[in-house]
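Comments concern the structure below.
Values in this text are rule-based calculations from the coordinates and carry no lab data. Bear in mind the structure is a predicted one, so any value in this text is a computation, not a measurement. Virtual Cβ from ideal backbone geometry, glycine too; neighbours counted across all protein chains shown.
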Amino acid sequence: MLNTAVFVSGGGTNLQAIIDAKKRGEMPSVSLRLVIASNRHAYALERAKNEGIDALVISKRKSESPGEYGMRLIEALKENEIGLIALAGFLTILPENVIRAYDRRILNIHPSLIPAFSGKGYYGLKVHEEALKRGVKVSGATVHFVNEIPDGGEIICQKAVEVEPGDTPETLQKRIMERAEWVLFPKAIEDTAAQILKAQEAEQ
Ligand code: GRF
C-alpha cells in the first residue's frame with residue numbers, strides 16, 4: 001500500500017468520504033497514514049482522531065518564508081514515508097518545494113468543471129456563487145494533479161452535476177459534494193496510488 005497524507009483546513013467531509021471508502025474496502029492501494037491540517041480548529045482533525053489516524057497541525061507562520069514552511073511540511077511527510085498527498089479542502093497555498101518534491105503525487109479536488117470557475121480566488125462558496133451568477137446549467141467537480149498554477153495541473157477526472165432551478169450556492173455546493181466530490185475523489189486517489197505502486201514494482 002502507498003502511504004497517503006490528506007491535507008485539510010475545514011470541515012473535512014471529503015476526508016470523511018475517503019475514510020468511508022477505505023473502510024468499505026474500495027481503496028486497497030492506499031494506507032491513510034497522516035492528516036495535516038493548516039489550522040488547529042479544522043473539524044477534520046476530529047474526524048482523523050475518531051479513526052485513529054495520526055494528525056498534525058502545520059500552519060504557515062507569519063515570520064517564515066514559503067520555502068521554510070514547505071521544509072516543515074516535507075520533513076513531516078518524509079518522517080511518515082508519504083508517497084501520495086490528497087488536498088481535501090486545503091486552503092493554504094502549497095509551497096513550491098513541496099510541489100517539486102511530490103511531482104504528480106499531489107491530487108486536489110475542485111468543486112467545478114475546470115477550467116470554469118477555477119484559479120486564484122475560486123474556493124469555497126465563491127465557486128458556486130459565480131456558477132449561479134453565470135447561469136450555467138451544469139457544474140460538477142474535478143480532480144487534478146497539483147502544479148505551480150492554481151487549479152492548473154493535469155485533469156485526472158471530472159463528474160458533471162445538474163444545476164437546478166432555485167439553487168443557492170449552498171444547495172449547489174451540497175449536491176456537488178454528495179454526487180461528485182465524495183464519489184470521485186476516493187476513486188481518483190485509489191487509481192493514482194495503484195498506478196504509482198505498479199510503476200514502482202516495474203522498476204524493481
Ligand atoms: C470542497 O468543496 C472541495 O471541493 C474544496 O474545498 C471543499 C472542502 O470541503 N476544495 P470539506 O472540508 O472536504 O468538507
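Some observations on this one:
- Unmet requirement for residue 3, which otherwise passes all of (1) more than 16 Å from the ligand (Cβ to nearest atom); (2) touching a Lys or Arg at 6+ places or on another chain (Cβ under 6 Å); (3) part of a loop (DSSP other than H, G, I, E, B): (3)
- Tabulated pairs, region 150-161, first touching a residue at least 12 places away in the same chain (Cβ under 8 Å), second basic (Lys, Arg), C-beta under 7 angstrom, 6+ apart or interchain: 150/120; 161/175; 161/179
- Residues that are surrounded by fewer than 16 Cβ atoms within 10 Å (Cβ to Cβ), among the acidic types (Asp, Glu) and within 17 Å of the chain's Cα centre (by Cα) are absent from region 49-65.
- Residue in region 89-109 that is surrounded by fewer than 17 Cβ atoms within 10 Å (Cβ to Cβ), within 21 Å of residue 145 (Cα to Cα), among the charged types (D, E, K, R) and in contact (Cβ under 8 Å) with a residue 60 or more places away in the chain present: no
- Residues in region 22-37 that are surrounded by 20 or more Cβ atoms within 10 Å (Cβ to Cβ) and either within 16 Å of the ligand (Cβ to nearest atom) or among the basic types (Lys, Arg) (or both): 22, 32, 35, 36, 37.
- Scope region 158-191; condition surrounded by fewer than 16 Cβ atoms within 10 Å (Cβ to Cβ), outside any helix (DSSP H, G or I) and either within 14 Å of the ligand (Cβ to nearest atom) or not polar (S, T, N, Q) (or both); matching residues: 160, 162, 164, 165, 166
- In region 115-138, the residues that are on the phi > 0 side of the Ramachandran plot and buried (at least 17 other Cβ atoms within 10 Å of the Cβ) reach residues that are part of a helix (DSSP H, G or I) and hydrophobic (A, V, I, L, M, F, W, C) with C-beta atoms within less than 7 angstrom, at least six apart or across chains, in these pairs: 117/127; 117/131.
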